[in-house]
Amino acid sequence: MNETRKTRVLLAKPGLDGHDVGAKVVARALIDAGFDVRYTGLRQSGEDIVNAARDFNADVIALSILSGSHLPICTRLKVLIEEYQLSDRLWIAGGNIPAEDHETLRDIGVDAIYNTSSSLSEIVAAIKEKTIE
Amino acid sequence: MSNPEKAMEDRRFNESGIEIEPLYGPEDVVASQADDSDGIGDPGAFPFTRGIHREMYRKRPWTMRQYTGFGNAEDTNERFKYLIRTGNTGLNVAFDLPTQCGFDSDDDMAQGEVGRVGMAIDTLKDMEIAFDGIDIQNITVSLTINGTAAIMIAMYLVMAEKRGFDISKLRGTCQNDILKEFVGRGTWVYPVEPSVRLVADTIEYCAKHTPLYSPVSVCGYHIRESGATPTEEMAHGFCIAKAYLDEGLKRGMDIDEFAYRMSFNFNIFGQFFEQICKFRAGRRQWAKILKNEYGAKNPKSMWLRMIAGGGGSGLTIEQPENNIVRGAYYAMISALSGAQTIALCCYDEAYTIPSEKAQQISLRTMQIMIEEMGMTDTVDPLAGSYYVETLTNQMEAEIIRIMADVDARGGIVKLISEGKIQSHVSKGAYEHQKALESGEFRKVGVNCYEIEEEKPEVAMHPYKVEDAVKQTERLKAVKSGRDAAEVEAVLTQLKVAAEGSENMMPALIEAVKAYATVGEMNRVFTSVFGRYDEPNIF
């Protein structure tokens, strides 16, 4: 990892879900842990997210989804991530995601999944570990 | 009875930052009283500390209004009827996100979201199906919608009128508190100014045409969920409510013409006595604001009418059955606080749309309090407790302090527009999360008394794709059956109203009658108002 460049995390709220408490809390924790974080705000389309990830040259694409729409959202986003050649970025998702959907999400290409009871330290440690090249 | 020699480690504070003493006496009540205190008074009389009605639950228990809605209008109508059969005395409607954000079910932005977190409504037709066979005069309905609330109120009133109800006597509530959506919950659509104008239009329209309908339910609730303390919740809620009252006054209405229909929605999770005193303090403060600042004469204008019983952030996905116990405490807090309506959160609500079973347990919790526990027998049973009255005084002083601070920093509308309130409460949420992870803030099943290797047995609400398909098919059928020229004409009229300064409700009502869709009406508004550009602050 380049010593002078902080790891960049794009934190996005896809779809229409307005629950952003968790996303903002994770954003603050990542900043305190030394990451460079850009938060998209609510109601992002797939195109908005891949465009933001490319503009920011994000190392990590992190989605926060609590509406239950994670499968259709990630399925559609996968196509765009490939199209925008962002498949080499760490892709994580957090929120209200039941265990029974984790395998499907991993098959789609999501590298790590966190739920509402995951701790900040766990999320921070995992991203650090996974982004060290 | 404070003890100055008390060791620092023995000191305890509630979430609002007020120190809690090991013992209270009459001198604490006196010492905590404001110089201009109106005391606690009697129930049903100013300053309403003890409740807005003289007899409170003795005359009629709180309305039991469980929150529900999913799939399409048929699915939701069926659940409504189940809830009424089991003893609910009101309905509290959940809408799906496309409806809340102004998208039709066939919109690209609605993909995967139709009917998922609530019921999908595209046109008046859906509203007719949703309430088919339900006596909406006796089972009052609360519509939990904000960004598109004006559209939904118009649809609801047209539906009621078509069903033969006299809307001048129709009771009911719409959440319609857009300012808090910018802080938490996030279903805003238009920029702040036109959003507030729409709220004011509904207030003005309802004051003139549906005087028993409550067009706004101001929500401290979601501000608390977003990370605010209990006193911040109430103070920010009051600042927002005042902003709407000010809009009503700007329309030339007398305060007593519309303030009496303002209602409130507050959160319940947290410490038992802090919550109860929050409500008693808030009720007194709101009465004083209306009387002293707004010059209200009608006591009803001074009433803090409220729904309580929801507290999602207090529930845990770990050991979910513990949420049943939490729910029982929340119900007791709500009842001891004098809530008019209780919508008690369900034990599975931390992760899914509640099952019928979970809904029934919440309802039975309230029914047990009424039928077995004697909770409705006497009014404000905690009054006179040294602790309760002292804490009520202290909570009120803190609410006043926070409101003054908001005003000194430019007022709530400005602070929300700039993202300042959002940033402040989000910082609170972060600090809370850190305290939870460090163990400083104790949560049973989460950071103490955990069950190792717990695999929660969670029954998720099934999402049926066929319901969404059925919804888009009905939308298509409704659209093809309309008079296209009529729809175009009513939408043009709506645009004229939006571009001008007149009240937009009459034009919305005409559009709804012509079966214009939520998406069509929303597009008219966005073409005139634009969309809210969220400040990128966390």
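The values are calculated or read from the model by the stated rules, or taken from the named source; none is laboratory data. Since the structure is predicted, the reported quantities are computational estimates derived from the model, not experimental observations. Here Cβ is always computed from backbone atoms with ideal geometry, including for glycine, and neighbour counts include all displayed protein chains. The area values use the complete protein model at the heavy-atom level, side chains included, leaving out ligands, DNA and RNA. Shrake-Rupley method; radii C 1.70, N 1.55, O 1.52, S 1.80 Å.
Residues in the range A:95-132 that are assigned to a strand (DSSP E or B) and in contact with a Phe, Trp or Tyr (Cβ under 9 Å, 6 or more places away or on another chain): A:GLY95, A:ALA112, A:ASN115.
B:ALA241 satisfies every condition listed in (1) open to solvent by less than 10 Å² (accessible area, probe 1.4 Å); (2) in contact with a Lys or Arg (Cβ under 7 Å, 6 or more places away or on another chain) except (2).
Within the range B:469-491, the presence of at least one residue that is open to solvent by less than 80 Å² (accessible area, probe 1.4 Å) and within 14 Å of chain A (Cβ to nearest Cβ) is confirmed.
Give the residues of the range A:98-133 that are open to solvent by 60 Å² or more (accessible area, probe 1.4 Å) and of a type in the set (A, V, I, L, M), sorted by residue number.
Residues satisfying the conditions are A:ALA99, A:ILE132.
Every condition in (1) buried (at least 18 other Cβ atoms within 10 Å of the Cβ); (2) more than 14 Å from every other protein chain (Cβ to nearest Cβ) is met by B:ARG409 except one, and the failing one is (1). Put simply, of B:MET56, B:MET64 the only residue that is aliphatic (A, V, I, L, M), more than 30 Å from B:LYS297 (Cα to Cα) and either crowded, with 21+ Cβ neighbours inside 10 Å or outside the structural domain of B:ALA281 (by TED's automatic domain parsing) (or both) is B:MET64. When you check A:LEU77 against the structure, is it at pLDDT 95 or above and within 20 Å of B:GLU113 (Cβ to Cβ), yes or no? When the stated conditions are applied, A:LEU77 passes them. Across the range A:27-45, the number of residues qualifying as more than 10 Å from chain B (Cβ to nearest Cβ) and either assigned to a loop (DSSP other than H, G, I, E, B) or crowded, with 22+ Cβ neighbours inside 10 Å (or both) comes to 4.
Within the range B:232-250, residues that are within 13 Å of B:ILE203 (Cβ to Cβ) sit with their Cβ atoms under 6 Å from residues that are open to solvent by 30 Å² or more (accessible area, probe 1.4 Å) and assigned to a helix (DSSP H, G or I), at 6+ positions apart or across chains, in these pairs: B:ALA243/B:VAL413.
Among the residues of the range B:376-388, are any touching a strand residue (DSSP E or B) at 6+ places or on another chain (Cβ under 9 Å), farther than 22 Å from B:CYS219 by Cα and either of a type outside the set (Lys, Arg) or assigned to a strand (DSSP E or B) (or both)? Yes, the range B:376-388 contains at least one residue that is touching a strand residue (DSSP E or B) at 6+ places or on another chain (Cβ under 9 Å), farther than 22 Å from B:CYS219 by Cα and either of a type outside the set (Lys, Arg) or assigned to a strand (DSSP E or B) (or both).
Is it fair to say B:ILE153 is buried (at least 23 other Cβ atoms within 10 Å of the Cβ) and under 17 Å from B:SER214 (Cα atoms)? So B:ILE153 fits the description; yes.
The residue list B:GLY248, B:GLY309 contains one member that is at pLDDT below 95 and open to solvent by less than 10 Å² (accessible area, probe 1.4 Å), which is B:GLY309. On the stretch given as the range B:317-327, residues that are modelled with pLDDT of 95 or more and either among the basic types (Lys, Arg) or open to solvent by less than 40 Å² (accessible area, probe 1.4 Å) (or both) total 3. How about the range B:397-416: which of its residues are in a helix (DSSP H, G or I) and of a type in the set (Lys, Arg)? The answer is B:ARG401, B:LYS414. Inside the range B:424-455, residues that are small (Gly, Ala, Ser) and surrounded by fewer than 16 Cβ atoms within 10 Å (Cβ to Cβ) make up a count of 3. Scanning the range B:296-344 for residues that are touching a Ser or Thr at 6+ places or on another chain (Cβ under 7 Å), away from chain A (no Cβ under 14 Å) and of a type outside the set (A, V, I, L, M) yields B:ARG305, B:GLY309, B:GLY327, B:GLN340, B:THR341. Restricting B:ARG197, B:ARG163 to residues that are over 26 Å from B:ALA120 (Cβ atoms), surrounded by fewer than 24 Cβ atoms within 10 Å (Cβ to Cβ) and either more than 14 Å from every other protein chain (Cβ to nearest Cβ) or not charged (D, E, K, R) (or both) narrows the list to B:ARG197. Scanning the range B:251-261 for residues that are in contact with a helix residue (DSSP H, G or I) (Cβ under 6 Å, 6 or more places away or on another chain) and closer than 26 Å to B:SER334 by Cβ, which turns out surrounded by the fewest Cβ atoms within 10 Å (Cβ to Cβ)? Among them, the one singled out is B:TYR260. If you check A:ASN57 against the conditions, is it of a type in the set (S, T, N, Q), more than 8 Å from every other protein chain (Cβ to nearest Cβ) and under 29 Å from B:ARG531 (Cα atoms)? So A:ASN57 passes the test.
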